[in-house]
Amino acid sequence: MTDLKWWQTAVFYQIYPRSFADGNGDGIGDFKGILEKLDYLSDLGVDAIWLSPHFPSPNWDCGYDISDYTNVAPEYGTLEDFKTFLREAHARNIRVILDLVLNHTSDEHPWFLESKSSRDNPKADWYVWAEMPPNNWQSCFDGEAWTYAPERDQYYYHYFMKQQPDLNWHNPEVKKAMWDAVRFWLDLGVDGYRLDAIGTIYEDANLTSHNVPYNLAGLRRASELAQTPTEKKKIEKYWHDMFKNQWGQPGLHELMKELRAILDEYDGDRMLVGEDDNIAYMGNGNDELHLVFNFPLMRTERLTPSHIRRNQKQRLTQLDALPVRGWPCNTLGNHDCSRIHTRYGDKQHDAALARLHAALVLTLKGTPFLYNGEEIGMTDYMLTDINQVKDTMGSWYYHAIVTDMGVHPDEAMQRTAAMTRDKNRTPMQWSNKPNAGFSPANVETWLPVNPDYRNGINVRDQQHNPSSLLNYYKHLLQVRKSSPALIEGEYIPLNNTAKDYFAFLRKSDEQTVLITLNFSAKKLELDFSRTKEIKGHDLQILFSSAERLKTNRRSAIESFEGFLFRFGFDNPSFARL
Ligand code: GLC
């Protein structure tokens, strides 16, 4: 294989620490728990972990409101526990990247406490302060973006919740303090960072107001009530216009370059992936971020062949246009969105669809990111009681629509359950024991466990079932790992007008693999014998999502089935596949 970096060949697995594994039995995940599950991850076949924030936090935003950047949340353990985790992960050849929240801190961070204490303290200018709200900007989580601090008789700005004040990145002292924190973890040996919400770091210098005829709650409510495509389109534009002056502003490229230079001071092997889909943040391909997520792929109600083809064409063309060719990065799920199984399911073929989608994300060109629980088909869990809601953007919205708009509490609860991110953050389901084996029986877990763990959606049952989704992921990860084409091969789309299926080649110097994914409920007879790129090659079945490896019928593809074929044994080293 050509000389690729580890983050180009790796499959990443996102751990949401609060919900991954509860080692000390208090209902909350922790490092002891993660440590106990490292062998599971190694056995699954992932190569790297993205750890969502593990820092001390008052948890208004489930850890994304950090009150100390160089420590570990006490409920997760100690710094020593972190070091043990890192060492043990590395011992298993699993890399670890951390979540770096640059835009804001917690309002309980000592930097903010000092900044808000007076107008002339040494950190007075570390956050974004104003005499009066200078505009009508909204916070994307809880209403007005400017909150009054009586200590200074001034307002501070926050893109997210009021407990998440925005740092003033124009102040060089802020940069220095944050770069120190970045170095702290790099010095300990972490392999890089996932950069949280980078688009929100700078704001429009003129502080221009938005011109949308709603506030946040009003717009959210209008989105729920929009019916026709025209209404929906209008609302989509409103969302864009409401926040367009608050993100994607000048200054970010320079900042990303500075950060990249810090990483490059290390062994040249640390990496950055941005929570942004803008390929421009890869700079020249070598001087800003290593990866940005391909969010447009997942931003659809249904994954269809034409959506995927269009997406791949756009992304890969943009990456190719960089002065130094960029590398793609695909994902279908994370802690901020509805789980794949629920979102892309059709309630009839969910099991087959889950396999198909895994096959997609693990065969497209680029680095795949998986989200914990996706490998066992975890589903969204709808909360029914507002007191259970932990995602504060959800409880804020509930109260806003009940109190200010007179929405009936039952309807408000349903809407809240559907919009809150709690639904996709419930504890990992490890077994069919009480509490899904996440915590001991009778312990109240921090979010309720989804009761569907009793129906086979748990690790233990699936480990014992050869045809489970878990074993499917394992198998597919092995196939991927041993296939040069799937790791580094070029993407060559085939039969571009097909509506029912998506077919493409991955072609490297050593190997060619044909991938056919049937996105329809019909059985299809596919014939590639006259396709230019395939003609004359003997196709050997490499993998089938329906586990039909022994079948002789190569051209028939069942509903929602995915097939991988390799071209005949033209290189003996593939015979082992
Ligand atoms: C990112 C995180 C999300 C968090 C937000 C504010 O989008 O993924 O969970 O709420 O940033 O930090």
What do you get for the angle between helix 172-188 and the principal long axis of the chain? Use alpha-carbon atoms, 0 to 90 degrees, nearest ten. 40 degrees
Determine the gain in length on full extension of the stretch Asn278-Glu224; use 0.36 nm per residue of separation and subtract their C-alpha separation, reporting nm with one decimal. 16.7 nm
Compute the acute angle (0 to 90°) between the alpha-carbon long axis of helix 305-320 and the principal axis of greatest extent of the alpha-carbon atoms of the chain; round to the nearest 10°. 70 degrees
Applying 1/(1 + (r/R0)^6) with R0 = 35 Å to the Cβ-Cβ distance of Arg310 and His475, what FRET efficiency is obtained, to the nearest 0.05? 0.75
Over all alpha-carbon pairs of segment 394-487, lay out the pair-distance distribution in 5 Å bins, whole %, shortest bin first. 3, 13, 14, 12, 12, 13, 11, 9, 6, 4, 2, 0
Top to bottom by accessible area (1.4 Å), largest first, where do Leu188, Leu167, Leu316 land? Leu188, Leu316, Leu167
For the chain, dividing by residue count, accessible area per residue (probe 1.4 Å) in Å² works out to 40 Å²
Filter the GluC sites (Glu not before Pro) in segment 117-194 down to the DSSP loop ones having no more than 14 other Cβ atoms within 10 Å, then list what survives. Glu131, Glu151
For the chain, average projected area of the Cα convex hull in nm²: 26.5 nm²
Angle in degrees between helix 350-363 and the longest Cα principal axis of the chain, rounded to the nearest 10: 90 degrees
In nm, what is the difference between 0.36 nm times the number of residues separating Ser118 and Lys532 and their Cα-Cα distance? 141.8 nm
So how much accessible area does Lys37 have, in Å² to the nearest 10, using a 1.4 Å probe? 50 Å²
Would you mind calculating the relative contact order of the chain from Cα pairs under 8 angstrom and at least 6 residues apart, reporting the percent as a whole number? 12 percent
Are there chymotrypsin sites (Phe, Trp or Tyr not before Pro) in segment 213-322 that DSSP marks as loop and that have at most 16 other Cβ atoms within 10 Å, and which are they? Tyr266
Suppose accessible area is computed on protein heavy atoms with a 1.4 Å probe; arrange Leu542, Leu113 from highest to lowest. Leu113, Leu542
Evaluate E = 1/(1 + (r/R0)^6) for Asp269 and Asn495, where r is the Cβ-Cβ distance and R0 equals 45 Å; express this FRET efficiency to the nearest 0.05. 0.70
Quick one: the Cα spread of segment 201-274 along its three principal axes, in angstroms, biggest first? 53, 28, 19
In Å², nearest 10: area of Asp153 left accessible to a 1.4 Å probe: 80 Å²
Nearest-0.05 FRET efficiency for Thr208 and Ala441, computed from C-beta distance (R0 45 Å): 0.20
Mean ellipticity per residue at 222 nm, deg cm²/dmol - from DSSP H runs of n ≥ 4 across the chain, formula -39500 (n - 2.57): -9000 deg cm²/dmol
Loop-resident sites, segment 117-187, for trypsin sites (Lys or Arg not before Pro), counting at most 14 other Cβ within 10 Å (DSSP): Arg119
Cα Rg, Dmax, segment 1-60, angstrom units: 14.1, 47
Heavy atoms of Leu51: accessible area, 1.4 Å probe, square angstrom to 10: 0 Å²
May I ask you to evaluate 6.51 cos²θ - 1.76 cosθ + 1.60, the Karplus curve with θ = phi - 60°, for each residue of segment 401-415 and list the ³J(HN,Hα) values in order in whole Hz, giving x for glycine and proline? 7, 6, 6, 8, 10, x, 6, 4, x, 5, 5, 4, 5, 4, 5
Taking only protein heavy atoms and a 1.4 Å probe, the highest-to-lowest accessible-area order of Asp187, Asp422 is Asp187, Asp422
Taking 0.36 nm per residue of separation and subtracting the Cα-Cα distance, what length does fully extending His349 through Asp125 add? 75.1 nm
Under-5 Å amide H pairs with Glu144, H placed in peptide plane, nonlocal only: Ser139
What percentages, rounded to whole numbers, describe P(r) for segment 439-551 computed over all alpha carbon pairs with 10 Å bin width beginning at zero? 11, 32, 29, 16, 10, 3, 0
Using a 1.4 Å probe on the protein heavy atoms, what percent of the accessible area of segment 1-125 belongs to carbon and sulfur? 47 percent
From the backbone phi of segment 120-126, what are the Karplus-calculated ³J(HN,Hα) couplings (6.51 cos²θ - 1.76 cosθ + 1.60, θ = phi - 60°) in whole Hz, Gly and Pro given as x? 10, 7, x, 10, 3, 9, 7
Suppose every K and R has +1 on its Cβ and every D and E has -1 on its Cβ; what is the size of the dipole of the chain about the Cα centre, in Debye to the nearest 20? 2680 debye
For segment 240-255, Karplus-derived ³J(HN,Hα) couplings (6.51, -1.76, 1.60; θ = phi - 60°; whole Hz; x for glycine and proline) come out as 4, 5, 4, 10, 5, 8, 10, 8, x, 8, x, x, 5, 4, 4, 5
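The values are calculated or read from the model by the stated rules, or taken from the named source; none is laboratory data. Just so it is clear, the structure is predicted and the values come from calculations on it, not from any experiment. Virtual Cβ from ideal backbone geometry, glycine too; neighbours counted across all protein chains shown. Heads up: the accessible areas ignore ligands, DNA and RNA and are worked out on the full protein's heavy atoms, side chains in. Shrake-Rupley method; radii C 1.70, N 1.55, O 1.52, S 1.80 Å.
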